[in-house]
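The values are calculated or read from the model by the stated rules, or taken from the named source; none is laboratory data. The model shown is predicted, which means the values in this text are computed figures rather than measured ones. Note: ideal-geometry Cβ built from the backbone for every residue, glycine included; neighbour counts use all protein chains shown. Just so you know, the surface numbers come from the protein's heavy atoms only, side chains and all, with ligands and any DNA or RNA stripped out. Shrake-Rupley method; radii C 1.70, N 1.55, O 1.52, S 1.80 Å.
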Amino acid sequence: MTGFISIEGIARRYGTNAPIFDDLWLSMNQGEFVCVIGHSGCGKTTVLNILAGLDEPSSGTVIVDGKAIEGPSLDRAVIFQGHSLLPWRTVMGNVAYAVTSRHRAWKSAQVTAHAQRFIDRVGLTGSEHKRPAELSGGMKQRVGIARALSIEPKIMVMDEPFSALDALTRGTLQDEVRRICTDTGQTVFMITHDVDEAIYLADKIVLMTNGPGAVLAEIVDNPLPRDRVRTGFHKHPLYYGVRNHIVDFLVTRSRTFSRDNHDPRNVPHVRLPLPFPPPHSPSKTGVDALSSGEGRVGEAAPTELKKETLT
Amino acid sequence: MIPSLNLRAAIVSIALFVAFILAWHLATRGTATVQQMSPEYAKLMGLSATQGKSAMPGPLDVGAKLWEHLRNPFYDNGPNDKGIGIQIAYSVGRVMIGYGLAVLVAVPIGFLIGMSPLMNRALDPYIQILKPISPLAWMPLALYTIKDSGLSAIFVIFICSLWPTMINTSFGVSQVRKEWLNVAKTLEVGTFRRAFTIILPAAAPTIMTGVRVSGGIAWLVIVAAEMLVGGTGIGYFVWNEWNNLSITNVIVAIAAIGAVGMVLDLILARLTKLVTFPE
């Protein structure tokens, strides 16, 4: 596994208890948008914190761009679940704080101009001098996004960034995050509870079983076209197939998943077939990691899915 | 139309004041029987014996006295006769020095205590023991070691106004939200910059609350301290007038102490508001 980001065998234990999660392996390519879905308590947030450098794994390591991570870094921007803005600073102050942290030597005019660019990008032009308390929840999260983008990180790490927002605001923000990430080729690792959000945003959806001893059960390659739009993506012929597969996983298989015959280093990739798949011809659309080879485990899939395992 | 809450509150306040003054006036009207005595003897007696006036001054006496003080607050007729303005200036000066030093010492120490859970626990018993000690209990020790009554008064103010600021600072610093610290961590902000750009502003409202409590205590302590050390100050003025049996002046001084204390607290409240952020 040699992706841009490579999670290699990380585990988290507390004392002598069973590990919260164990032996996680995951590889991400540059520019990829990866969502992790799993029930509360499976250790998603811990994985994210480890990736952010705020937490350390009990064993294993994470490699980003060829270097093992040691603590937090400006290369990995974090968007927290709560907006976590500094309430005594204005919108500009919050973004500028991040910019100054990245570029210590910059003059204040340079910092302001740079910060302004990212405030404009998230659509907050005109609100620069407001304090977080004067902003709505969605606007606060926009500032958080602008702050994360402004340091131009190699990867953005998001912990359920939209879960505290109302449905309409959430939709708008998802659109913008999608637009920004697609435009800039931003690599994103995101945790969510929302299946639709994952299908709309992610290139790959990683399904995590329940803890303790949680593992990555499978990686669903999103079969929807990259240029999907909010107004139509739920009408795509493969949409319900993917959705049902993920919901089935969350409802039953996340509990009953057996680790026998599961190779954590080669988490099986799942791809929906083409709308009318010719029999016995595995589809190749949207495949990136699969090119190294594939094996089939046909029977296990509940819906009309095909499991393909990396070797 | 119902007038605004502020207006109604003001009306009630004024009514209460008028009622209080009226009750006070009626209570000190003086109804004692006038005794017959020789004019020679009457000269030695007070007005209460000769004219049946109440020994307790009424509001009109106090008002007249207050006006007298306000008209000329800064006169200086020697050590035992100075204007009330001069006395208050002495007291405020002492408070500023002792309390200012206390804040300068307590905030950095409180900051360090708050940053370190070890020091927090290690120093806690000392703070808890030193905090409830009455200012007057320190006085003999201060006089003996410092050997200067003026400095002793300042020391007593210092030692008494130290604790609320220190405790609040360490509490505020230790309670800074983890998410804000995480922001600093992910932005690779160094320890020094983090202390000044995250922890200090985040803890500032709590610190200022402690500073405000300390200010109140300093002003409470000064009166007691000056009563003991004597010489100058509003506390000394109260004691001196008590020795003169001028209850009128004592009441004027009490009113002045209250007014100055209120002004000090208002200033500190303003400062607190400056560093408070809405969430």
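Okay, here's what the table says:
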item	result
Within 10 Å of each Cβ in A:96-103, the average number of Cβ atoms from other chains	3
Area hidden from solvent between A and B (accessible, protein heavy atoms only, 1.4 Å, total, Å²)	1800
Antiparallel DSSP beta bridges within the protein assembly as shown, percent to nearest 5	50
Per-residue average of Cβ from other chains inside 10 Å of A:78-86	4
B:Glu40-A:Gln110 pseudo-label distance in nm [points 7 Å out on the Cα-to-Cβ vector]	10.0
Accessible surface of B:Ile11 - all protein chains present, 1.4 Å probe, nearest 10 Å²	100
Partner chain coverage, peptide B:182-194 - average Cβ within 10 angstrom	6
Long pairs among A:Lys67/A:Lys107; A:Lys140/A:Lys204; B:Lys147/B:Lys273; A:Lys130/A:Lys235, criterion Cα-Cα beyond 29 Å	A:Lys67/A:Lys107; B:Lys147/B:Lys273; A:Lys130/A:Lys235
Heavy atoms of A:Arg76: accessible area, 1.4 Å probe, square angstrom to 10	10
Beta bridge orientation in chain A: antiparallel %, DSSP, nearest 5	50
Where only C-alpha atoms are counted, convex hull volume of the protein assembly as shown per residue in Å³	251
Buried on assembly, segment A:40-54 (at least 40 Å² less accessible surface than by itself, 1.4 Å probe)	A:Leu54
Extreme residue, positive dipole direction of segment A:111-230, given options A:Phe118, A:Leu207, A:Val229 (C-beta unit charges)	A:Phe118
Exposure ranking of A:Met92, B:Met119, A:Met28, B:Met1 by accessible area [1.4 Å probe, largest first]	B:Met1, B:Met119, A:Met92, A:Met28
Solvent-accessible area per residue for segment A:4-43 (1.4 angstrom probe, square angstrom)	36
Using alpha-carbon coordinates, inclination of helix B:149-174 to the longest axis of chain B, degrees	40
Per-residue SASA entry for B:Trp163, accessible area with 1.4 Å probe, Å² rounded to 10	20
Listed peptides A:251-261, A:183-193 by packing density, highest first (mean Cβ within 10 Å)	A:183-193, A:251-261
Dipole of segment B:83-239 [Lys/Arg +1, Asp/Glu -1 at C-beta], most positive-end residue of B:Leu181, B:Val95, B:Met115	B:Leu181
Stokes-Einstein D (µm²/s) once Rh is taken as the Kirkwood radius of segment A:121-194 over alpha-carbon pairs, at 37 °C in 0.692 mPa s	255
Net charge dipole size for chain A [Lys, Arg +1 and Asp, Glu -1 on Cβ; Debye, nearest 20]	720
Distance from segment B:39-69 to segment A:51-79 (C-alpha centre basis), Å	84
Chain A, accessible surface, carbon-and-sulfur percent (1.4 angstrom probe)	52
